[in-house]
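Q: Dropping the structure in here first, questions after.
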Amino acid sequence: MAATLRGKAAIVGVADAASPTGELDVTGRALEARMIAEALDDAGIALADIDGICHHQSSLAAAEYFGITARFTDSTATGGSVFEVYLEHAASAVATGMADCVLVVFAQTPRADRRKGIPPAPRPSMPPGQNPMAEWEMPYGLQMPKGAYALAASRHMARYGTTPEQLATIAVKTRAWASLNPRARYRDAITVDDVLDSEMLVSPLHLLDCCLVTDGAGAFIVTSAERARDLRKPPVYVLGAATAHDHMMISQMPDLTVTPGAICGPRAFEVAGIKPGDVDVLMGYDSFTITQLLHFEDLGFCAKGEGGSFVESVDIGPSGRSSAKRHSGTLPTNTNGGGLSYTHPGMYGMFLVVEAVRQLRGEADARQVQGAEVAVAHGSGMVLSCMSTAVLGTEATL
Amino acid sequence: MGRLEPQVSDAAAPFWEATKQRRYLVQWCDACAQPIFYPREVCPRCLSAGTLLWRESKGTGTVHAVSVQHRPANPTMADMVPYAVALVDLDDGIRVMSNVVNVDDPATIVVGQAVQLTWEPLADGCNLPLFEPAGPVKES
């Protein structure tokens with residue numbers, strides 16, 4: 001019974017790395033090691049206490065490298081949402097006693113790698129004749145992944161009248177958050193016209209509708225609620241978690257305007273016992289402006305098709321962060337500046353979790369949402385393919 | 001000029017063979033009375049292999065979603081930009097990715113545009129199914 005997950009596990013240590021230059025000076029295992037050390041120090045636990053590991057490439061190789069003996073292991077691949085999937089699995093593992101302390105670690109440095117002449121890691125490939133994308137999509141020259149999101153935006157606009165200005169509003173508000181984050185790649189304010197005047201890459205998406213390509217890294221540690229209470233920082237509890245996927249290729253998506261988040265979002269909220277109105281901070285994977293617009297609808301912050309008018313009527317930017325408690329006219333969203341303006345090293349889901357934890361601990365400095373008690377980290381992987389929702393809360397929410 | 005040519009699967013070999021005669025075949029499960037796309041070894045509804053057959057499409061449909069590519073997806077398509085990539089709802093009940101071609105300006109292709117099949121030769125004698133406008137814009 002999934003409802004038993006509520007309050008059983010907590011995130012007790014976090015770390016992330018990003019730079020205004022978009023580039024980090026440390027890469028690979030050395031960067032992962034720095035993230036692990038910072039997350040362990042944040043939690044106040046020792047590397048020897050880690051007995052579970054999640055890594056998007058090989059949990060076996062990472063555990064070997066860092067001297068970890070693991071009794072819980074996970075290298076599930078769902079694209080950039082996988083860090084929310086790992087959180088769900090890790091919370092389940094500690095809730096059932098499979099592991100005591102699970103480490104999730106990630107580093108990816110496309111910009112530093114390019115400068116150093118390091119080739120991109122080979123993607124898992126399928127033999128000829130066994131890859132439907134190579135048979136039914138790749139001959140047509142869709143830029144990936146942005147073209148897939150452009151098709152979803154095209155359909156949403158045609159069906160619901162969503163406008164380029166409404167999508168641009170998401171980029172503008174997210175940039176306003178980034179201006180409060182000294183580590184964000186881009187901090188200068190932008191306007192809707194700036195977005196619409198930026199290069200059209202794949203209609204209807206402009207350059208500023210698209211996420212960044214930066215270096216980035218992070219780590220978080222999950223342990224049991226009991227153990228969490230004795231550690232260095234206030235625990236951030238996992239109140240609910242759920243995952244759903246229904247396609248791999250964009251041409252197989254059952255409905256281009258409805259993501260699997262419409263399944264896992266409400267499910268995670270149900271496990272957590274919350275409603276959208278209870279959410280103080282929404283961290284939604286903004287690979288593109290359309291991605292975040294679909295999150296508002298599928299998570300139930302507005303009705304299907306009303307995402308465009310939602311971002312016009314509700315301020316998702318920083319204006320409401322100083323209010324004692326969230327009021328209906330604001331929804332602080334992607335408070336670190338998002339994949340659109342903070343960082344996006346190919347896979348971004350790690351940063352959703354880290355920022356949600358910092359907000360709930362009151363560690364978000366200038367971008368702190370006052371009184372934040374419930375935060376949602378909602379990951380999106382591949383081409384709107386796999387969604388994973390984690391509802392996180394402070395001690396007061398238990 | 002050139003595209004990435006499709007990597008033909010065993011399940012879809014009859015589809016590609018038929019394109020040599022510029023015929024578009026849609027896989028069909030006789031037990032479920034439903035079309036299947038993309039072609040598979042078994043029906044994704046009943047997992048049966050023995051009920052699968054092929055039906056010829058009339059090749060008409062409607063643009064479901066469209067995106068104009070202003071940069072090529074790979075260098076071999078550099079001289080084709082800008083071009084329109086669309087998801088097309090065939091009247092046979094399947095949705096496929098393709099290009100909408102034979103238009104002066106790909107930005108004029110909109111959701112709801114009626115389209116019909118056209119073909120582009122591939123290296124091995126097969127043809128790649130593409131679409132071109134065929135009449136008015138319908139309700140999306």
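Q: Condition test on A:LEU142, is it within 14 Å of chain B (Cβ to nearest Cβ) and modelled with pLDDT of 95 or more?
A: Spelling it out, A:LEU142 is indeed within 14 Å of chain B (Cβ to nearest Cβ) and modelled with pLDDT of 95 or more.
Q: Please determine, by comparing only the residues of the range B:125-140 that are within 13 Å of another protein chain (Cβ to nearest Cβ) and at pLDDT 90 or above, which one is nearest to A:TYR160 (Cα to Cα).
A: Within the range B:125-140, the match that is nearest to A:TYR160 (Cα to Cα) is B:PHE131.
Q: Another question, then. Quick one: A:SER341 ticks every box in (1) more than 25 Å from A:ALA153 (Cβ to Cβ); (2) in a helix (DSSP H, G or I); (3) among the hydroxyl-bearing types (Ser, Thr, Tyr) except a single one, so which number is it?
A: Single failed check for A:SER341: (1).
Q: Follow-up. Keeping to the range B:16-51, report how many residues are within 11 Å of chain A (Cβ to nearest Cβ) and either part of a strand (DSSP E or B) or farther than 28 Å from A:ARG155 by Cα (or both).
A: Going through the range B:16-51 one residue at a time, the tally reaches 2.
Q: I've got another one for you. Taking the stated definitions as given, is B:THR60 within 11 Å of another protein chain (Cβ to nearest Cβ), more than 19 Å from A:LEU205 (Cα to Cα), in contact (Cβ under 8 Å) with a residue 24 or more places away in the chain and surrounded by fewer than 20 Cβ atoms within 10 Å (Cβ to Cβ)?
A: no
Q: Give the residue, chosen from A:ALA153, A:ALA176, A:ALA184, A:ALA158, that is surrounded by 22 or more Cβ atoms within 10 Å (Cβ to Cβ) and not in a loop (DSSP other than H, G, I, E, B).
A: When all the criteria are applied, what remains is A:ALA153.
Q: Now, a different point. Pick out the one residue from A:ILE274, A:ILE221, A:ILE263 that is assigned to a helix (DSSP H, G or I) and among the β-branched types (Val, Ile, Thr).
A: A:ILE263 is the lone residue from the list that is assigned to a helix (DSSP H, G or I) and among the β-branched types (Val, Ile, Thr).
Q: Considering each of B:MET97, B:MET77 in turn, give the residue that is under 12 Å from the mean Cα position of the chain (by Cα) and outside any loop (DSSP other than H, G, I, E, B).
A: Answer to the check: B:MET97.
Q: Further question: List the pairs whose first member sits in the range A:270-281 and is in contact (Cβ under 8 Å) with a residue 24 or more places away in the chain, whose second member is among the polar types (S, T, N, Q), and whose Cβ atoms are under 8 Å apart, counting only residues at least 6 apart or on separate chains?
A: A:GLY277/A:SER328; A:ASP280/A:GLN359; A:VAL281/A:THR333; A:VAL281/A:THR335; A:VAL281/A:GLN359
Q: Would you tally the residues in the range A:99-121 being free of Cβ contacts under 8 Å to residues at least 60 places away in the same chain and farther than 19 Å from A:HIS344 by Cα?
A: The qualifying residues number 2.
Q: Take B:GLN69 and decide whether it is in contact with an Asp or Glu (Cβ under 7 Å, 6 or more places away or on another chain), free of Cβ contacts under 8 Å to residues at least 24 places away in the same chain and within 14 Å of another protein chain (Cβ to nearest Cβ).
A: Criteria not met by B:GLN69.
Q: Still on this structure: Is it the case that some residue within the range A:162-181 is touching a strand residue (DSSP E or B) at 6+ places or on another chain (Cβ under 9 Å) and without any contact (Cβ under 8 Å) to a residue 60 or more places away in the chain?
A: Taking every residue of the range A:162-181 in turn, at least one turns out to be touching a strand residue (DSSP E or B) at 6+ places or on another chain (Cβ under 9 Å) and without any contact (Cβ under 8 Å) to a residue 60 or more places away in the chain.
Q: Being among the acidic types (Asp, Glu) and either within 14 Å of chain B (Cβ to nearest Cβ) or farther than 28 Å from A:VAL311 by Cα (or both): is that true of A:GLU226 here?
A: It is true that A:GLU226 is among the acidic types (Asp, Glu) and either within 14 Å of chain B (Cβ to nearest Cβ) or farther than 28 Å from A:VAL311 by Cα (or both).
Q: Specify the residue that is nearest to B:GLY2 (Cα to Cα); the eligible residues are those in the range B:100-124 that are within 12 Å of chain A (Cβ to nearest Cβ) and assigned to a strand (DSSP E or B).
A: Among those residues, the one meeting the criterion is B:GLU120.
Q: So which pairs qualify, if the first residue must be in the range A:128-156 and within 18 Å of B:HIS70 (Cβ to Cβ), the second must be surrounded by fewer than 21 Cβ atoms within 10 Å (Cβ to Cβ) and polar (S, T, N, Q), the Cβ gap must be under 8 Å, and the two must be at least 6 apart or on different chains?
A: A:GLY141/B:ASN74
Q: Shifting gears a bit: If you take the residues in the range B:73-88 that are small (Gly, Ala, Ser) and free of Cβ contacts under 8 Å to residues at least 24 places away in the same chain, which one is farthest from the other protein chains (Cβ to nearest Cβ)?
A: The qualifying residue farthest from the other protein chains (Cβ to nearest Cβ) is B:ALA78.
Q: Name every residue in the range B:52-74 that is among the polar types (S, T, N, Q) and either within 16 Å of the chain's Cα centre (by Cα) or outside any strand (DSSP E or B) (or both), in order of residue number.
A: If the condition is that a residue be among the polar types (S, T, N, Q) and either within 16 Å of the chain's Cα centre (by Cα) or outside any strand (DSSP E or B) (or both), then B:SER57, B:THR60, B:THR62, B:SER67, B:ASN74 are the ones that fit.
Q: Give me a count of the residues in the range A:225-260 that are within 15 Å of A:GLY393 (Cα to Cα) and assigned to a strand (DSSP E or B).
A: Here the count works out to 6.
Q: Could you please let me know if A:PHE301 is in contact with a Pro (Cβ under 6 Å, 6 or more places away or on another chain), hydrophobic (A, V, I, L, M, F, W, C) and more than 30 Å from A:GLN57 (Cα to Cα)?
A: So A:PHE301 fits the description; yes.
Q: Outside any helix (DSSP H, G or I) and of a type in the set (Val, Ile, Thr): is that true of A:VAL376 in this structure?
A: yes
Q: Among A:PHE310, A:PHE301, which is the only one that is without any contact (Cβ under 8 Å) to a residue 40 or more places away in the chain, in a helix (DSSP H, G or I) and either buried (at least 24 other Cβ atoms within 10 Å of the Cβ) or aromatic (Phe, Trp, Tyr) (or both)?
A: From the options A:PHE310, A:PHE301, the qualifying one is A:PHE310.
Q: Kindly provide the set of residues from the range A:277-296 that are among the acidic types (Asp, Glu) and part of a helix (DSSP H, G or I), ordered by number.
A: A:ASP278 - this is the single residue of the range A:277-296 that is among the acidic types (Asp, Glu) and part of a helix (DSSP H, G or I).
Q: Hand me the list of helices (runs of 4 or more DSSP H) wholly inside the range A:1-118 holding 1 or more residues that are more than 14 Å from A:GLY216 (Cβ to Cβ) and modelled with pLDDT under 95.
A: Output list reads A:110-116.
Q: Assuming A:ALA30 fulfils every condition listed in (1) in contact (Cβ under 8 Å) with a residue 60 or more places away in the chain; (2) over 30 Å from A:VAL374 (Cβ atoms) apart from one, which condition is it?
A: Of everything listed in (1) in contact (Cβ under 8 Å) with a residue 60 or more places away in the chain; (2) over 30 Å from A:VAL374 (Cβ atoms), A:ALA30 misses just condition (1).
The values are calculated or read from the model by the stated rules, or taken from the named source; none is laboratory data. The model shown is predicted, which means the values in this text are computed figures rather than measured ones. Because the Cβ atoms are built from the backbone with ideal geometry, glycine has one as well, and the counts that use them run over all protein chains shown.
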